[in-house]
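K.L.:
Supplied in structure tokens, the structure appears directly below.
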Amino acid sequence: MALRVLHVIDNLGQGGVQRYLFGYLSHMDRKKVIFDFVVQTENVGSLEEEVCSLGSKVYHLPSSINEREAFRKRFDSIIHEGGYTIVEAHQNHRCLYPLLLAKRAGVPVRIAHSHSSYPASSIIKAAYRFYFKTRIPWVATELWGCSDCANRWLYGNRSLKKAVIVPNAIDAKRFLFNEENRHAVRSEYKIEGPCIGHVGAGGAAKNYPFILDLFKEIAERDASARLLLVGCSASSQNGALGDEATKRGVIDKVIFTGPVSDPEKYLSAMDAFVLPSLFEGFPIALLEAQANGLNPITAAGVVTAEVNVSGRVRYIPNGTINIHEWVDAVMAQVRVPRALMDNSVLNSGYDIVGASNALQERYLKLGGLTGREKASNNT
């Protein structure tokens with residue numbers, strides 16, 4: 001019987017955290033370790049069918065913020081009925097509540113996992129987050145994160161020495177450039193000129209207004225240019241993305257793919273990749289773009305240098321004052337040949353094959369097992 005690890009997340013859509021978990025799950029020996037999921041929505045996420053096909057269980061619970069008591073009752077029941085010995089929460093400062101419940105339920109291994117580093121929008125929210133952050137080390141037995149900056153943001157300098165970096169690994173071979181995929185995508189969307197691309201689920205963190213401002217300037221220089229927004233739709237952010245593209249007069253040149261399960265196809269269609277995020281932990285999309293041979297351009301002072309495993313990532317500050325530097329950089333990248341068959345990601349420690357083996361052994365050790373023993377404490 002496999003050791004079952006219970007992961008607490010918001011949903012099972014195509015976001016970075018979800019793709020991280022699915023990548024590790026699909027490359028582990030699921031006779032030894034398997035992931036189950038607590039999601040805080042009634043909606044069925046786009047990854048749910050796939051994770052269930054791999055043997056995972058998915059529990060739909062109410063929001064731990066808006067319906068705390070209902071969440072607590074269901075969560076307690078799931079822990080006791082499932083006999084879980086490892087609970088891992090992936091909601092940054094909101095890890096506190098599920099890990100506190102897990103501690104009270106007697107779960108011996110409680111993992112907080114930091115995936116980002118984002119500012120509060122008000123003093124009240126900053127104080128609220130500070131309260132949660134300072135208490136997480138008291139309820140978590142393990143402090144994990146995707147990067148040094150993500151760990152520093154959630155756990156603070158005092159607990160940083162205890163924090164472990166678990167890489168946001170990808171299947172590097174899957175994301176290698178593919179000429180057939182390039183031709184198929186460009187033909188489907190009638191892309192004949194430069195294709196500027198981005199991969200994201202449509203959230204505010206990815207700074208879509210700036211991406212659209214940037215593209216507007218690019219389209220004025222080259223009317224054949226197209227913006228390929230992978231993973232989001234015009235209706236994202238309650239329709240704001242479509243409205244913003246319309247306001248800028250570029251809606252007919254912007255391609256919204258909606259959620260996809262094969263972002264590698266779309267990367268091959270791109271000539272330049274941009275990620276002007278407002279905050280990040282460790283962006284998986286930048287690794288994928290590098291594996292595809294692209295030379296990504298991203299936000300200086302926001303995105304960690306740890307992600308620049310190829311040495312080809314260009315860092316430029318965000319903001320309207322710097323937009324022409326972004327435009328110049330994008331137009332220059334369009335003319336730069338792809339770095340075909342670049343193995344920098346494969347050899348960086350961020351490839352999923354080696355990383356999943358290491359994480360599997362870590363779980364087994366935390367569960368009191370070794371890689372050669374079969375788990376017997378969970379079903």
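K.L.:
Note down the magnitude of the dipole of the chain about its Cα centre, charges +1 on Lys and Arg C-beta and -1 on Asp and Glu C-beta and zero elsewhere, to the nearest 20 debye.
P.N.:
Charge dipole of the chain: 1360 debye, to the nearest 20.
K.L.:
Another question about this same structure. Please give the peptides 155-165, 190-200, 8-18, 253-263 ranked by average Cβ packing (other Cβ atoms within 10 Å per residue), highest first, as a rough proxy for protection.
P.N.:
Ranking the peptides 155-165, 190-200, 8-18, 253-263 by packing returns 8-18, 190-200, 253-263, 155-165.
K.L.:
A further question follows. Let me make sure I get this right: for region 126-199, a, b and c are the square roots of the gyration tensor eigenvalues over alpha carbons, sorted descending. Under 1.5 in a/c it's rounded, otherwise prolate if a/b > b/c, else oblate. Which is it?
P.N.:
prolate
K.L.:
Leaving out ligands and nucleic acids, note down the accessible area per residue over the chain with a 1.4 angstrom probe, in whole Å².
P.N.:
43
K.L.:
Could you state the number of Å between the C-alpha centres of region 226-249 and region 181-211?
P.N.:
Cα centroid of region 181-211 versus Cα centroid of region 226-249: 11 Å apart.
K.L.:
Cut-off under 16 Å on the C-alpha distance; same-chain residues fewer than 8 positions from Lys216 excluded. Which lysines are left, in chain and number order?
P.N.:
Lys247, Lys253
K.L.:
Could you size up the charge dipole of region 327-371 around its Cα centre, putting +1 on the beta carbon of Lys and Arg and -1 on that of Asp and Glu, and report it in debye to the nearest 20?
P.N.:
With Lys and Arg at +1 and Asp and Glu at -1, about 60 debye.
K.L.:
Could you pull out every one of the lysines with an alpha carbon less than 28 Å from that of Lys73, ignoring same-chain neighbours closer than 8 positions?
P.N.:
Output for Lys73: Lys57, Lys103, Lys125, Lys133.
K.L.:
Right, another one. Could you tally the net charge around Ala70, taking each other residue with its Cβ under 14 Å from the Cβ of Ala70, Lys/Arg +1 and Asp/Glu -1?
P.N.:
That sum, taken over residues with Cβ under 14 Å, equals 0.
K.L.:
What is the magnitude of the charge dipole of region 58-175 about its Cα centre, with +1 placed on the Cβ of each Lys and Arg, -1 on the Cβ of each Asp and Glu, and no other charges, expressed in debye to the nearest 20?
P.N.:
That gives region 58-175 a dipole magnitude of about 360 debye.
K.L.:
With everything on Cα atoms, drop me the angle between helix 123-139 and the longest principal axis of the chain, reported from 0 to 90° to the nearest 10.
P.N.:
The helix 123-139 is inclined about 40 degrees to the chain.
K.L.:
I've got another one for you. Within 10 Å, count the other beta carbons around each residue, average over each peptide in 353-366, 204-217, and list them highest first.
P.N.:
Ranked from most to least packed, the peptides come out as 204-217, 353-366.
K.L.:
Of Ser46, Gly82, His60, which is farthest along the charge dipole of region 28-98 in the positive direction, counting Lys and Arg as +1 and Asp and Glu as -1 at C-beta?
P.N.:
Gly82
K.L.:
Then there's this: All other residues with a Cβ under 15 Å from the Cβ of Ile284 taken together, and with Lys, Arg as +1 and Asp, Glu as -1, what is their net charge?
P.N.:
Around Ile284, the surrounding residues sum to -4.
K.L.:
Further, regarding this structure: Which angle between 0 and 90 degrees, to the nearest 10, do you get for helix 68-82 versus the longest principal axis of the chain when only C-alpha atoms count?
P.N.:
70
K.L.:
Counting only protein heavy atoms, what percent of the accessible surface of the chain is carbon or sulfur at a 1.4 Å probe?
P.N.:
52
K.L.:
On C-alpha positions alone, give me the angle between the axis of helix 16-27 and the longest principal axis of the chain, in degrees, nearest 10.
P.N.:
Between the helix axis and the principal axis of the chain, the angle is about 70 degrees.
The values are calculated or read from the model by the stated rules, or taken from the named source; none is laboratory data. Every value quoted in this text rests on a predicted model; they were computed, and no experiment measured them. Please note: Cβ atoms are built from the backbone with ideal geometry, for glycine as well, and neighbour counts cover all protein chains shown. These area figures cover heavy atoms from the full protein model, side chains too; ligands, DNA and RNA do not enter into them. Shrake-Rupley method; radii C 1.70, N 1.55, O 1.52, S 1.80 Å.
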